[in-house]
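Have a look at the structure below, then the notes.
The values are calculated or read from the model by the stated rules, or taken from the named source; none is laboratory data. A quick note: this is a predicted structure, and the numbers were derived from the prediction, not measured. When we count neighbours, we look across all protein chains shown, and the Cβ atoms used for this are built from the backbone with ideal geometry, even at glycine.
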Ligand code: SF4
């Protein structure tokens with residue numbers, strides 16, 4: 001039986017804001033399309049159609065910029081975010097897009113079209129890219145699905161599955177049985193999944209890079225002043241709160257209030273289109289870094305070993321949710337994004353605070369249970385309100401969930417598997433107004449100024 005484990009280096013991917021499914025995924029899709037264009041055919045034009053949720057809120061999420069950047073050969077991991085912002089209008093003003101960084105193809109603003117009412121059957125986040133030659137013949141046409149967390153799938157492709165090691169599990173119950181039978185913790189179960197892919201040293205390097213990028217996104221958010229981009233003119237709060245706390249603490253160790261400030265900082269960096277780590281999505285990118293930073297503040301004697309253990313434990317929980325429900329707001333609403341991130345962070349924190357596998361499972365369950373039914377209704381289609389503050393609240397919930405679980409012995413009424421199944425069913429029942437389309441909830445009840 002194959003398991004559900006997704007590598008930590010894929011689940012936590014270094015990218016740019018503001019959205020993993022609307023920015024990172026479309027950029028990867030466009031880059032893949034550019035790589036597949038035959039070199040020997042004269043390309044006279046490009047057309048891109050953003051379907052469903054990408055069409056509904058793509059403009060606010062910077063999807064057209066991301067598509068043009070991807071066509072030009074940029075990658076979310078390595079690009080300069082400043083080169084992505086405004087790429088759509090710059091290419092249209094120049095009249096060309098440099099596909100794969102090599103071939104200039106004519107390009108106009110309306111070569112990217114928004115089709116919010118066209119919902120592809122396979123996934124609500126879809127984009128179709130077409131290239132034509134000078135005779136108007138289609139040279140290449142691919143449809144991609146941006147399936148959440150920056151993952152993409154090309155139409156007609158089977159879902160890529162990662163190589164599996166011995167440590168296979170499909171449910172939390174199996175994960176716990178595995179840990180118990182082998183006498184290992186959940187991070188070690190995850191480590192065995194990573195071992196099927198690369199050496200421990202390579203995995204550790206990747207995990208350390210992920211934490212370095214998370215830390216950098218916290219620092220960037222703590223330093224930035226002013227307002228977030230976009231018509232809402234949302235004031236940044238992280239830098240002001242940092243100054244306030246530093247003045248109050250006067251050189252004392254950082255207290256618990258920093259937890260929320262860290263989360264705000266990351267999500268403000270994300271809303272600005274800066275570099276962040278999908279954890280497991282961009283909209284929910286602040287929760288895991290905030291909880292790790294909070295843990296390090298409280299336990300300054302700890303370091304890389306605990307951070308790796310935190311991330312691996314969180315990955316095992318994220319893998320369960322990805323396999324058995326969703327990690328995408330367009331599929332399951334915000335319960336799938338912020339709820340999943342909260343469960344992952346709670347599990348990671350519980351583990352590094354000495355929790356048993358049963359307590360870790362309990363922590364994840366508590367964190368997810370109290371996000372069930374949470375809808376996605378970002379105002380103006382921007383990953384700002386309610387997203388940024390929601391990360392700060394969920395970071396607190398993750399800490400509470402870990403502490404509650406640590407006070408118990410791992411026994412509890414609702415298994416994590418049942419909560420994940422409930423999240424999936426709730427997502428299926430949820431009206432599409434509440435799935436990243438900005439056509440319901442706060443998005444329609446708050447007037448944009
Ligand atoms: S409301 Fe939640 S799911 Fe929707 S964009 Fe914001 S963080 Fe993502």
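Being over 28 Å from residue 319 (Cβ atoms), more than 16 Å from the ligand (Cβ to nearest atom), in contact (Cβ under 8 Å) with a residue 40 or more places away in the chain and in contact with a strand residue (DSSP E or B) (Cβ under 8 Å, 6 or more places away or on another chain) is true of residue 34.
Being in contact with a helix residue (DSSP H, G or I) (Cβ under 9 Å, 6 or more places away or on another chain) and within 23 Å of residue 20 (Cα to Cα) holds for only one residue in 371, 412, and it is 371.
Within segment 387-428, the set of residues being within 16 Å of the ligand (Cβ to nearest atom) and farther than 19 Å from residue 338 by Cα is empty.
Checking the condition within 16 Å of the ligand (Cβ to nearest atom) and at positive phi, which residue from 333, 339, 318 passes?
333
Would you confirm whether or not segment 222-233 contains a residue that is outside any loop (DSSP other than H, G, I, E, B), in contact with a strand residue (DSSP E or B) (Cβ under 9 Å, 6 or more places away or on another chain) and modelled with pLDDT of 95 or more? Checking segment 222-233: at least one residue is outside any loop (DSSP other than H, G, I, E, B), in contact with a strand residue (DSSP E or B) (Cβ under 9 Å, 6 or more places away or on another chain) and modelled with pLDDT of 95 or more.
Criterion first (at pLDDT 95 or above and either at positive phi or more than 16 Å from the ligand (Cβ to nearest atom) (or both)) does residue 279 satisfy it? It is false that residue 279 is at pLDDT 95 or above and either at positive phi or more than 16 Å from the ligand (Cβ to nearest atom) (or both). The criterion of being assigned to a helix (DSSP H, G or I), surrounded by fewer than 19 Cβ atoms within 10 Å (Cβ to Cβ), under 18 Å from the mean Cα position of the chain (by Cα) and more than 16 Å from the ligand (Cβ to nearest atom) holds for residue 323.
One line per residue, one yes/no per condition, for (1) over 21 Å from residue 60 (Cα atoms); (2) out of contact with any strand residue (DSSP E or B) (no Cβ under 7 Å at 6 or more places or on another chain); (3) outside any helix (DSSP H, G or I):
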{"residue": "388", "(1), (2), (3)": "no, yes, no"}
{"residue": "403", "(1), (2), (3)": "yes, yes, no"}
{"residue": "414", "(1), (2), (3)": "yes, yes, yes"}
{"residue": "437", "(1), (2), (3)": "no, yes, yes"}
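Would segment 254-262 turn up any residue that is crowded, with 18+ Cβ neighbours inside 10 Å, under 28 Å from residue 207 (Cβ atoms) and either within 16 Å of the ligand (Cβ to nearest atom) or outside the structural domain of residue 354 (by TED's automatic domain parsing) (or both)? Checked segment 254-262: at least one residue is crowded, with 18+ Cβ neighbours inside 10 Å, under 28 Å from residue 207 (Cβ atoms) and either within 16 Å of the ligand (Cβ to nearest atom) or outside the structural domain of residue 354 (by TED's automatic domain parsing) (or both).
In segment 234-254, the qualifying residues are those that are in a loop (DSSP other than H, G, I, E, B) and touching a residue at least 12 places away in the same chain (Cβ under 8 Å), and the one that is nearest to residue 60 (Cα to Cα) is 234. In segment 390-419, the residues that are on the phi > 0 side of the Ramachandran plot and in the same structural domain as residue 342 (by TED's automatic domain parsing) form Cβ pairs under 8 Å with partners that are in a helix (DSSP H, G or I) and more than 16 Å from the ligand (Cβ to nearest atom), at six or more places apart or across chains, as follows: 410/357; 410/358; 410/359; 410/361; 410/362.
Annotation: residue 209 fulfils all but one of (1) part of a helix (DSSP H, G or I); (2) touching a helix residue (DSSP H, G or I) at 6+ places or on another chain (Cβ under 7 Å); (3) under 30 Å from residue 275 (Cα atoms); the unmet one is (2). Please enumerate the residues belonging to segment 365-380 that are within 9 Å of the ligand (Cβ to nearest atom) and over 16 Å from the mean Cα position of the chain (by Cα). 374, 375, 377, listed by residue number. If you check residue 436 against the conditions, is it within 16 Å of the ligand (Cβ to nearest atom), within 17 Å of the chain's Cα centre (by Cα) and more than 30 Å from residue 118 (Cα to Cα)? Criteria not met by residue 436.
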